[in-house]
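Read through the structure below, which is laid out as structure tokens, and then see the notes.
Only the coordinates and a few stated rules stand behind these numbers; no lab work does. Predicted, not measured: the structure shown is a model, and the values here were computed from it. Cβ: placed from backbone, ideal geometry, glycine included. Neighbour counts: every protein chain shown.
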Amino acid sequence: NGRDGTFVGPFNLTGGTSNFVASTAQSGASNEISVTGNATYIADGASSPNTGDDTDFGTFSLTGSAVKTFKIFNTGIQDLDITNITENGADFAITSAPTFTKTLTPYDSVTFDVTYTSPGTATTSNATVTIGNNDADEAPYTFDITANSVVVENALDFVGPGAATLHDYVDLGN
């Protein structure tokens, strides 16, 4: 019935002869790339970064940084060649990646890291990660990443705008 492994269809066995034909075909693509961040699938061409899959690195102070790890899978039945991994943003860098060309056998995977470093000014930084590969319909595999750097104001300023004096204080009330 197709749900529990029960054979449905005519099968004839006469002596040593049958109408059974063994299939050598396997389901699935010949080689198929898939990428995750934070154990969440990232679609090829994804252009809306989000924190769920780590493509949105978050918000940082002007001196902040972060490293995110992404995983490439070969979900196909033939070898997948990863030829390079690049990004095109000034504030991002590929900081850990396999030696290229990296061949992933069927159902194998490899990780790579992307590091964001705040440029020292309040800004939104954007980039596209590009994974060169030999997948028939997803070569290259791309997705966008983003991060924000902001000025973090001091919550309390005990010294004030000038040099400290005996009269600098914070009135906390009674």
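Computed on the Cα atoms alone, the convex hull of region 94-142 gives a volume of 94 cubic angstrom per residue. For Asn50, the residues whose amide H sits under 5 Å from its own are Thr55, Asp56, ignoring neighbours fewer than 5 places away on the same chain, with H placed 1.01 Å from N. The Cβ shell under 13 Å around Ala66 holds other residues with a net charge of -3, Lys and Arg each +1, Asp and Glu each -1. Counting Cα-Cα pairs of region 36-106 in 10 Å increments starting at 0 gives whole-percent bin shares of 16, 45, 31, 7, 1. Segment Val150..Ala66, full-extension length gain: 28.8 nm, with 0.36 nm per residue of separation and the alpha-carbon distance subtracted. Amide H contacts under 5 Å for Gly89: Thr128, restricted to partners 5 or more places along the chain or on a different chain, H placed in the peptide plane at 1.01 Å from N. Rounded to the nearest Hz, the phi-derived 3J(HN,Hα) couplings of region 78-83 under the Karplus curve 6.51 cos²θ - 1.76 cosθ + 1.60 (θ = phi - 60°) are 10, 4, 10, 9, 9, 9, where x marks glycine and proline.
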